[in-house]
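Colleague: This structure is in structure tokens; I'll ask about it shortly.
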Amino acid sequence: MKVSVLLIMLLMPVVVFAQKHIPLPHGMVYGQKPDTMAMITANKLEAFMGKKTRISTTVEGKIIKVTKEKGGWFDVDAGSSKIIEAHFKNYNVTLPTQLAGRTVIMEGVAEKMFIADDLQHLAGDTVSGKKQHKIKTDPKRRVTFEVKGLLIDK
């Protein structure tokens with residue numbers, strides 16, 4: 001009985017120390033190291049894209065939350081209550097949930113998501129024809145980002 005109590009008392013500090021929170025260091029890289037030469041901020045991404053639907057770029061932004069650790073799914077604040085939904089191209093990347101609230105630099109492909117009505121004229125279901133449809137700037141249209149590499153900045 002005394003031996004088991006002694007053993008528990010000796011192992012107790014090991015268990016307590018093993019549960020300490022270790023902060024993520026500045027400069028930690030997930031995936032490939034991003035190129036920071038032509039970097040833009042997340043709130044200027046949609047304006048930078050203009051009429052293009054896909055571009056390859058490097059973006060700096062603040063992570064709101066990690067939605068799924070496996071595969072690296074997370075949301076980035078794009079300003080004006082907009083969110084950029086991002087995920088890694090390589091599914092083997094696992095992101096920790098402690099990234100929420102951190103500023104990161106990510107390199108990859110940004111893409112605008114379209115709703116069905118945007119391309120309805122291609123289906124031939126319109127009365128007025130192709131002249132009726134023009135480029136729409138829908139505020140609900142989302143921007144997704146396929147990440148090749150991510151660097152923890154702040």
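The values are calculated or read from the model by the stated rules, or taken from the named source; none is laboratory data. Values in this document were obtained by computation on a predicted structure and should not be read as measured data. All Cβ positions, glycine included, derive from the backbone under ideal geometry; neighbour counts span all protein chains shown. Accessible surface areas use protein heavy atoms only, side chains included; no ligands, DNA or RNA. Shrake-Rupley method; radii C 1.70, N 1.55, O 1.52, S 1.80 Å.
Colleague: Which condition from (1) open to solvent by less than 90 Å² (accessible area, probe 1.4 Å); (2) modelled with pLDDT of 80 or more is the one that Phe48 breaks?
Modeller: Condition not satisfied by Phe48: (1).
Colleague: Please enumerate the residues belonging to segment 91-112 that are assigned to a loop (DSSP other than H, G, I, E, B), surrounded by 15 or more Cβ atoms within 10 Å (Cβ to Cβ) and not aliphatic (A, V, I, L, M).
Modeller: The answer is Arg102, and nothing else.
Colleague: Pick from segment 36-45 the residues that are open to solvent by 60 Å² or more (accessible area, probe 1.4 Å) and over 18 Å from Ile152 (Cβ atoms): which of them is nearest to the chain's Cα centre (by Cα)?
Modeller: The extreme case among them is Asn43.
Colleague: I've got another one for you. With the structure loaded, tell me whether Lys70 is closer than 18 Å to Gly149 by Cα and out of contact with any helix residue (DSSP H, G or I) (no Cβ under 9 Å at 6 or more places or on another chain) or whether it fails that test. Even if it seems obvious, please write down each step before you answer.
Modeller: Values: closer than 18 Å to Gly149 by Cα: yes; out of contact with any helix residue (DSSP H, G or I) (no Cβ under 9 Å at 6 or more places or on another chain): yes.
Answer is yes for this residue.
Colleague: Go through Lys33, Lys20, Lys65 for me and flag whichever is assigned to a loop (DSSP other than H, G, I, E, B), open to solvent by 80 Å² or more (accessible area, probe 1.4 Å) and modelled with pLDDT of 85 or more.
Modeller: Values: Lys20 fails: modelled with pLDDT of 85 or more; Lys65 fails: assigned to a loop (DSSP other than H, G, I, E, B).
None of the other options fit; the residue is Lys33.
Colleague: Give me the pairs, please: first residue somewhere in segment 36-61 and of a type in the set (Asp, Glu), second residue anywhere and part of a helix (DSSP H, G or I), beta-carbon distance under 7 Å, and either six or more positions apart or on two chains.
Modeller: From segment 36-61, the pairs are Glu60/Ala42.
Colleague: Something else about it: Out of curiosity, is Lys140 at pLDDT below 80 and either part of a loop (DSSP other than H, G, I, E, B) or in contact with a Gly (Cβ under 7 Å, 6 or more places away or on another chain) (or both)?
Modeller: Numbers: at pLDDT below 80: yes; either part of a loop (DSSP other than H, G, I, E, B) or in contact with a Gly (Cβ under 7 Å, 6 or more places away or on another chain) (or both): yes.
Yes, satisfied.
Colleague: Ok, one more. Just the residues that are open to solvent by 100 Å² or more (accessible area, probe 1.4 Å) and not in a strand (DSSP E or B), please, taken from segment 51-62.
Modeller: Quick first cut of segment 51-62, residues open to solvent by 100 Å² or more (accessible area, probe 1.4 Å) only: 51-52, 54, 62.
If the condition is that a residue be open to solvent by 100 Å² or more (accessible area, probe 1.4 Å) and not in a strand (DSSP E or B), then Lys51, Lys52 are the ones that fit.
Colleague: Residues in segment 63-72: is at least one of a type outside the set (A, V, I, L, M, F, W, C) and touching a residue at least 60 places away in the same chain (Cβ under 8 Å)? Explain how you work it out, then say what you get.
Modeller: Step one: of segment 63-72, the residues of a type outside the set (A, V, I, L, M, F, W, C) are 65, 67-72.
Checking the rest, the ones that are also touching a residue at least 60 places away in the same chain (Cβ under 8 Å) come to 72.
Yes, some residue in segment 63-72 is of a type outside the set (A, V, I, L, M, F, W, C) and touching a residue at least 60 places away in the same chain (Cβ under 8 Å).
Colleague: Please determine, by comparing only the residues of segment 78-90 that are surrounded by 16 or more Cβ atoms within 10 Å (Cβ to Cβ) and under 9 Å from the mean Cα position of the chain (by Cα), which one is farthest from Leu45 (Cα to Cα).
Modeller: Phe88
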